[in-house]
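Student: Can you read through this structure? Questions will come right after.
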Amino acid sequence: PGADKLLPYTRCTTFIDCVDDKTALTAWGKRMVLRGATLAGHLVDQARNLDPADRDDKRRLNVLVEQLVAIAGANDRRERGSHLHTLSEFVDRGEPIPSRSPEDLADMAAYKAATVYLDVRHIERLVVVDDLRIAGTPDRISFHQGPGPDGQPLAGNLITDLKTGSVEFGALKMAMQLAVYSRGVFYDHVTETRSPLRGVTGGGGLSRPLPAGRGACTVYWADLRLGWEAVEVARQVRALRARRRVLLPFQGAVGAPGLAKHKPYV
């Protein structure tokens, strides 16, 4: 608002990613590369004479790694998750789902049972937080009237998110994402206009893990106050990473003969 031209906004997941612990994800990625190498020896052969320090070879190695990861099946779960996301939209709109596999029906039945007390008001609408220049799309905004996370009566719209993978390591990131959306406004990129998220409660959001093929769905409250605290940390981390002039060349003695004038911080 107030700018004389369109400004780029950062994707919400990208903004908050800087505080995420990627140890487990990195280890998983290495396992997938090794698994792919056992299944596609011809790709490994292509990498033998490539130099990781060479710019062009580095790009080629990156391509080979992605191919090995795909061959290992690392993308299968993501594609299955996208499929379930699509089916859940049919359920929330009250429409028949187009797929009839037993696994799909079991997953969607579990999803419907777990969310029966939520009245979906918005599905996949773009939200922006102008203060942070963040944009993203919450899965749902749903009305809930009943006990809140503290057991007290609550009535209001909740930001809700659907996860089709493990939530073992991602609870804080989920709370951060929901906290960001709860402080945003709707944005229509066609008309370039904003409208408020009416009645959204900032105290709690909902995460709905739906593991693919298990016929089970569990809904969890997410602490948005804690999530926002972590978002503020992410803001500070990103600001620090953008700083320059961090290192200064060392010289042994001020004014010593033969020492060139030091260069500025890099």
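Student: Within region 3-61, restricting attention to residues that are open to solvent by 90 Å² or more (accessible area, probe 1.4 Å) and in contact with a Phe, Trp or Tyr (Cβ under 9 Å, 6 or more places away or on another chain), which residue is nearest to VAL127 (Cα to Cα)?
Tutor: Among those that are open to solvent by 90 Å² or more (accessible area, probe 1.4 Å) and in contact with a Phe, Trp or Tyr (Cβ under 9 Å, 6 or more places away or on another chain), it is ASP21.
Student: Given the criterion of a type in the set (Val, Ile, Thr) and closer than 30 Å to GLU192 by Cβ, identify the matching residue among ILE16, ILE97, ILE71. Please lay out each step first, then the result.
Tutor: Details: ILE97 fails: closer than 30 Å to GLU192 by Cβ; ILE71 fails: closer than 30 Å to GLU192 by Cβ.
Answer to the selection: ILE16.
Student: Quick check on my filter: what residues within region 208-233 are open to solvent by less than 10 Å² (accessible area, probe 1.4 Å) and touching an Asp or Glu at 6+ places or on another chain (Cβ under 8 Å)?
Tutor: Once the filter is applied, which keeps residues that are open to solvent by less than 10 Å² (accessible area, probe 1.4 Å) and touching an Asp or Glu at 6+ places or on another chain (Cβ under 8 Å), region 208-233 yields ARG208, LEU210.
Student: Count, please, the residues in region 84-93 that happen to be touching a residue at least 40 places away in the same chain (Cβ under 8 Å) and crowded, with 16+ Cβ neighbours inside 10 Å. Write out each step before concluding.
Tutor: Going residue by residue through region 84-93, those that are touching a residue at least 40 places away in the same chain (Cβ under 8 Å) are 84-85, 88, 92.
In the following step, the residues that additionally are crowded, with 16+ Cβ neighbours inside 10 Å were identified as 84, 88, 92.
The total comes to 3.
Student: Looking only at region 1-17, which residues are more than 22 Å from the chain's Cα centre (by Cα) and part of a helix (DSSP H, G or I)?
Tutor: Looking only at region 1-17, we keep the residues that are more than 22 Å from the chain's Cα centre (by Cα), and these are 1-6.
Selection gives nothing.
Student: Given the structure, is VAL190 touching a Pro at 6+ places or on another chain (Cβ under 7 Å), part of a loop (DSSP other than H, G, I, E, B) and β-branched (Val, Ile, Thr)? Give the derivation first.
Tutor: Values: touching a Pro at 6+ places or on another chain (Cβ under 7 Å): no; part of a loop (DSSP other than H, G, I, E, B): yes; β-branched (Val, Ile, Thr): yes.
When the stated conditions are applied, VAL190 does not pass them.
Student: Another question about this same structure. Could you list all residues from region 144-179 that are closer than 23 Å to ARG121 by Cβ, surrounded by 15 or more Cβ atoms within 10 Å (Cβ to Cβ), among the hydrophobic types (A, V, I, L, M, F, W, C) and touching a strand residue (DSSP E or B) at 6+ places or on another chain (Cβ under 6 Å)?
Tutor: Within region 144-179, LEU158, ILE159, LEU162, MET174, ALA175, LEU178 meet the criteria.
Student: Here's something else I'd like to know. Considering (1) open to solvent by 40 Å² or more (accessible area, probe 1.4 Å); (2) at pLDDT 90 or above, say which one GLY252 fails and leave the rest.
Tutor: Here GLY252 meets the rest and fails (2).
Student: Which condition breaks for GLU124 when tested against (1) open to solvent by less than 10 Å² (accessible area, probe 1.4 Å); (2) of a type outside the set (A, V, I, L, M, F, W, C); (3) on the phi > 0 side of the Ramachandran plot?
Tutor: Unmet for GLU124, out of (1) open to solvent by less than 10 Å² (accessible area, probe 1.4 Å); (2) of a type outside the set (A, V, I, L, M, F, W, C); (3) on the phi > 0 side of the Ramachandran plot: (1).
Student: Got a number for residues in region 18-33 being part of a helix (DSSP H, G or I) and closer than 26 Å to VAL233 by Cα? Don't jump to the end; show me each part of the working.
Tutor: From region 18-33, those part of a helix (DSSP H, G or I) are 18-19, 23-33; that's our starting set.
This time we only want the ones that are closer than 26 Å to VAL233 by Cα, so: 18-19, 23-27.
Matching residues across region 18-33 total 7.
One line per residue, one yes/no per condition, for (1) touching a residue at least 24 places away in the same chain (Cβ under 8 Å); (2) within 19 Å of CYS12 (Cα to Cα):
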position	(1), (2)
ALA113	yes, no
VAL127	yes, yes
ILE134	yes, yes
SER142	yes, no
GLY151	no, no
LEU162	yes, yes
GLY170	yes, yes
GLY184	yes, yes
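The values are calculated or read from the model by the stated rules, or taken from the named source; none is laboratory data. All values derive from a computational prediction rather than experimental measurement. Here the Cβ is made from the backbone with ideal geometry for all residues, glycine too, and neighbour counts use every protein chain on show. For the accessible areas, the whole protein counts, side chains as well, though only heavy atoms, and no ligand, DNA or RNA atoms are used. Shrake-Rupley method; radii C 1.70, N 1.55, O 1.52, S 1.80 Å.
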